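Enquirer: Let me begin by handing over the structure; questions about it come next.
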Amino acid sequence: MPVRKAKEEVEMFRVWLRQNGLKRTYQKELILETFLGAEGHLSVDDIYTLVKKKDRRVGSVTVFRTLKSLAACGIAREVTLGDGLTRFEHGHRHPPHHHIVCTRCGRVIEFASPELERMQDEIMRKYDFQPDRHWIKTCGVCSNCRENRKGGEERPCDTERVFARDAVKMALATEVRLMEFFQQAAAANQDAAGREVFERIARLKEANIATLGEELDDVVRGEEDVAKAPVFLHFSLDEVEQNIPSLTRLTARPPAQGGRPVVEMALDAEAAAKLARFLTVTAATFFKDYAAKFPDTRGRRILLGFAGQQESHGDLDSNSYLSAWDSKS
Ligand SMILES: [Zn+2]
Ligand SMILES: [Zn+2]
Ligand SMILES: [Zn+2]
């Protein structure tokens, strides 16, 4: 995979150099290759040291200028993390994010939060301001340092992979919640045809959970660092939960004479399919809005793919719903 990505970036860089009337040289491309081969937030010196191992003739000024060019064409992003140094991280196909920096051990945690972006957009609108970019940097002391623990070796890893990991986790959590809802609805529903609709959509969800599980394995396969990296994408299941009706509210009937409320419902096939459609379309919209905050990355494609699946799970009326299932099984 890194090979494909590097190719794209090499091409971007060549185009940029041409457009700016600059020469393409072996040294510049060696610096690009070295930069792409290293994850994390690297200073000019860090990259200079790495480049020197490959070719002693490359000077630090060339490294600095090339990194600036990479930032100008979007391959790199410049960040400062509180130690006064300008640092560079991968920019192309890497989701923008915020940084939490421990000022004692230098540990850096990266995170993204679409909720935070939404708030930011709202505030900028109030000032009638059009931001190019923004990032939040929080400096402080991490829990390891506060408790005098030695943190485990934490190597910087590919932000795009960690984002993809969290996107699958987010889809999984949502799908599990939806499956549970439909299973419970099936158990409570008195109408046989309606119950069947719920049972079938619950099985669709179950199958999709297995697929998402495989996708998660695929994202972290062979990358222990990616599997262990701190949460990157902040997502609260509460946001999904808001759209899932409470089954007790749907099913409770007032007690006949004095007793406890009767927990049952009787949705026919059409009503059951309508409810299923409402929930899956709501989930699809939520995931599409979430994805809209990110540039094209594997994580974004996962979020959009999940939205598409939800749409297909819901894009069926009760009849075609049943026949679509029949033709599949
Ligand atoms: Zn620390
Ligand atoms: Zn970063
Ligand atoms: Zn990277």
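Quick note: the coordinates plus some simple rules give every number you see, no bench work behind them. The model shown is predicted, which means the values in this text are computed figures rather than measured ones. Quick reminder, even Gly has a Cβ in these numbers, built from the backbone with ideal geometry, and neighbours come from all protein chains shown.
Enquirer: Taking a ≥ b ≥ c as the square roots of the eigenvalues of the Cα gyration tensor of the chain, is the shape rounded (a/c under 1.5), prolate (a/b larger than b/c) or oblate? Don't jump to the answer; show the numbers that get you there.
Expert: Values: a/c = 2.68, a/b = 2.19, b/c = 1.22.
Prolate.
Enquirer: Something else: Which aspartates and glutamates have a Cα less than 18 Å from the Cα of Lys53, not counting those fewer than 8 places away in the same chain?
Expert: Straight-line reach from Lys53, under 18 Å: Glu29, Glu33, Glu39, Asp45.
Enquirer: Going 7 Å from the Cα of Ala207 along its beta-carbon direction, which residues of the stretch 277-311 have the amide nitrogen within less than 15 Å of the resulting point?
Expert: 309-311
Enquirer: I've got another one for you. Fully extended, how many nm does the chain gain between Cys105 and Ser312 (0.36 nm per residue separation, minus their Cα-Cα distance)? Walk me through the numbers on the way to the answer.
Expert: Details: separation 207, 0.36 × 207 = 74.52 nm, distance 4.82 nm.
Here the segment from Cys105 to Ser312 would lengthen by 69.7 nm.
Enquirer: If you don't mind, there's one more thing I want to ask. Output the DSSP H helices from the chain with an along-axis C-alpha extent of no less than 30 Å and a mean Kyte-Doolittle hydropathy no less than -1.0.
Expert: Numbers: long enough: 159-188 (44 Å, 0.23); 192-220 (42 Å, -0.07); 269-291 (33 Å, 0.52).
Correct list, ordered by number: 159-188, 192-220, 269-291.
Enquirer: Any idea what the relative contact order of the stretch 59-173 is, in percent, if you count C-alpha pairs under 8 Å spaced at least 6 apart? Don't jump to the answer; show the numbers that get you there.
Expert: On the way: 94 pairs, mean separation 23.9, N = 115.
Dividing the mean separation by the residue count of the stretch 59-173 yields 21 percent.
Enquirer: Before rounding to the nearest 500, sum -39500 (n - 2.57) across all DSSP H runs of length at least 4 in the chain and divide by the residue total; then give [θ] at 222 nm in deg cm²/dmol. Don't skip to the answer; put the middle values down first.
Expert: On the way: 14 runs with 195 residues, N = 329.
Mean residue ellipticity at 222 nm (helix-derived): -19000 deg cm²/dmol.
Enquirer: Here's something else I'd like to know. For Thr282 and Thr80 in the same chain, what is the full-extension length gain: residue separation times 0.36 nm, less their Cα-Cα distance, in nm?
Expert: 68.8 nm
Enquirer: Within the stretch 31-72, which trypsin sites (Lys or Arg not before Pro) sit in a loop by DSSP and count at most 13 neighbouring Cβ atoms inside 10 Å? Don't skip to the answer; put the middle values down first.
Expert: Details: sites: Lys52, Lys53, Lys54, Arg56, Arg57, Arg65, Lys68; in loops: Arg56, Arg57.
Answer in residue order: Arg56, Arg57.
Enquirer: Between Leu22 and Lys274, 0.36 nm times their residue separation minus their Cα-Cα distance comes to what? Display every interim value, and only then the final one.
Expert: Numbers: separation 252, 0.36 × 252 = 90.72 nm, distance 6.04 nm.
Answer, rounded to one decimal: 84.7 nm.
Enquirer: Also, I was wondering about something else. Under the Cβ-under-4.7 Å rule, which cysteines of the chain stay unpaired?
Expert: Cys with no partner Cβ under 4.7 Å: Cys73, Cys105, Cys139, Cys145, Cys157.
Enquirer: For the stretch 63-102, what class follows from the C-alpha gyration tensor (a ≥ b ≥ c being the square roots of its eigenvalues): rounded when a/c is under 1.5, otherwise prolate if a/b is larger than b/c, else oblate? Display every interim value, and only then the final one.
Expert: On the way: a/c = 3.46, a/b = 1.26, b/c = 2.75.
Cα axes put the stretch 63-102 in the oblate bin.
Enquirer: In addition: Once you put a point 7 Å from the Cα of Glu180 and another 7 Å from the Cα of Leu116, both along the Cβ direction, what distance in nm separates them?
Expert: 2.7
Enquirer: What pairs from Lys23/Lys68; Lys150/Lys228; Lys28/Lys54; Lys228/Lys293 go past 21 Å between their alpha carbons? Could the numbers behind the result be given before it?
Expert: Numbers: Lys23/Lys68 15 Å; Lys150/Lys228 16 Å; Lys28/Lys54 13 Å; Lys228/Lys293 25 Å.
In this structure, Lys228/Lys293 exceed 21 Å between Cα atoms.
Enquirer: If exposed chymotrypsin sites (Phe, Trp or Tyr not before Pro) are those in a DSSP loop with at most 10 other Cβ within 10 Å, what is the longest stretch of the chain that has none? Mind dumping the intermediate values first?
Expert: Details: sites that count: Tyr127, Phe129.
Here the longest run is 130-329.
Enquirer: Is the stretch 9-64 best put as rounded, prolate or oblate by its Cα gyration tensor, with a ≥ b ≥ c the root eigenvalues, rounded for a/c under 1.5, and otherwise prolate when a/b is larger than b/c, oblate when not? Before the final figure, lay out the partial values.
Expert: Numbers: a/c = 2.07, a/b = 1.52, b/c = 1.36.
Cα axes put the stretch 9-64 in the prolate bin.
Enquirer: Given +1 on the Cβ of Lys and Arg, -1 on the Cβ of Asp and Glu, and no further charges, what dipole in debye does the chain carry about its Cα centre, rounded to the nearest 20?
Expert: It works out to roughly 1540 debye.
Enquirer: Follow-up question, since we're still on this one. Given the options Arg203, Arg24, Arg298, state which has the largest fluctuation in a GNM of the chain using a 10 Å cut-off (strictly under) for Cα springs.
Expert: Residue with maximal mean-square fluctuation among Arg203, Arg24, Arg298: Arg24.
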